[in-house]
Amino acid sequence: MSNHTYKKIELVGSSTTSIEDAVQNAVAKASLSEKNLRWLEVVETRAHLEEGKVAHWQVTVKIGATLELTISPIQMSSYHWTEKLREIYDKSLTLYREGNRVLRSYFTDQEISFLSSIGLRPINLYDYAEDMNNYGEPDWNTVLLMVAVRRDYFLYHQHGETSTSVTEAESLPPKTEKLEGIPWLPRIIKKAQCFLEGGLCHEIMYCCGGDRRFLKEHDIHPADFLRIVWASGGDQAKVLAYVKSSPI
């Protein structure tokens, strides 16, 4: 390796075909949001069994990507971060509305660097643009409040270091799972925690349609729910108590 600085991301690829295909799937997912992928390390290989046969392979890999970041004055200025985010948010809405579905073409290296500096990934803005164009939410005000929570968690709890682990869709609690009779609650708690940590995979979006229905039903703002999960320190009973106390 030459004199580069690398970052590592950890993913779990899956395949019903082979171990090699599972690895390729993980690399393909990483390439959607990361540029300059250079190497990978296979960390763990396992298989999910059904009726005594291998149903699908799961391979955990660490992928290295070179960092080539250009920090502009506005990226270094905390005072202007909301203005820069609004520019990128509006750009995402326009690109999606025009029919662009190629995430890698959405943002410049400088914009990706800015998103990284506040704890976000390109897929976050793409997801917001997709749902806003298709369903009319989450709007800018909601996105800003959610991102502000993520940014605070990233800067003051994670000290600017995003989690390298990625939560795959199959590892989430099922949509029908309940916590003291409340469906969806175990799932949205896990999604909120993973969003705070920056570890949701491409198939999972915090504040998706199902999340919004749950939060509206319990009259809880998406950003407030994030702060409750953060304040709970991993204690689901505290989140449950808050949800039960909310007017319905």
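The values are calculated or read from the model by the stated rules, or taken from the named source; none is laboratory data. Owing to the predicted nature of the structure, the values given are computational and were not obtained by experimental measurement. Cβ placement follows ideal geometry from the backbone for every residue including glycine, while neighbour counts extend to all protein chains displayed. Quick note on the areas: whole protein, heavy atoms, side chains included, nothing else; ligands and nucleic acids left out. Shrake-Rupley method; radii C 1.70, N 1.55, O 1.52, S 1.80 Å.
How many residues does segment 36-61 hold that are under 20 Å from THR167 (Cβ atoms) and open to solvent by 60 Å² or more (accessible area, probe 1.4 Å)?
Residues that pass the stated criteria total 9.
Quickly run through segment 211-221 and pick out the residues that are open to solvent by 10 Å² or more (accessible area, probe 1.4 Å), farther than 16 Å from LEU240 by Cβ and not in a loop (DSSP other than H, G, I, E, B).
Selection gives ARG212, ARG213, LYS216.
Please verify whether TYR206 is aromatic (Phe, Trp, Tyr), in contact with a Leu (Cβ under 8 Å, 6 or more places away or on another chain), touching a residue at least 40 places away in the same chain (Cβ under 8 Å) and more than 19 Å from ILE88 (Cβ to Cβ), treating the condition exactly as stated.
no
Which residue pairs have Cβ atoms under 6 Å apart, sit 6 or more places apart or on different chains, and have a first residue in segment 97-122 that is at negative phi and assigned to a loop (DSSP other than H, G, I, E, B) and a second that is open to solvent by 20 Å² or more (accessible area, probe 1.4 Å) and of a type in the set (Lys, Arg)?
ILE118/ARG151
How many residues does segment 234-248 hold that are open to solvent by 70 Å² or more (accessible area, probe 1.4 Å) and among the small types (Gly, Ala, Ser)? Walk me through how you get there before you give the answer.
Here is the first cut: in segment 234-248, the residues open to solvent by 70 Å² or more (accessible area, probe 1.4 Å) are 236, 238, 242, 244-245, 247-248.
If we keep only those that are among the small types (Gly, Ala, Ser) as well, we get 245.
Selection size over segment 234-248: 1.
Run GLU170 past the list (1) surrounded by 15 or more Cβ atoms within 10 Å (Cβ to Cβ); (2) assigned to a helix (DSSP H, G or I); (3) touching a residue at least 24 places away in the same chain (Cβ under 8 Å) and report the number of the one that doesn't hold.
(1)
Can you confirm whether MET146 is touching a residue at least 24 places away in the same chain (Cβ under 8 Å), touching a Pro at 6+ places or on another chain (Cβ under 6 Å) and surrounded by 15 or more Cβ atoms within 10 Å (Cβ to Cβ)?
Yes.
Residue check: is GLU197 free of Cβ contacts under 8 Å to residues at least 60 places away in the same chain and either among the hydrophobic types (A, V, I, L, M, F, W, C) or more than 17 Å from GLY234 (Cα to Cα) (or both)?
When the stated conditions are applied, GLU197 does not pass them.
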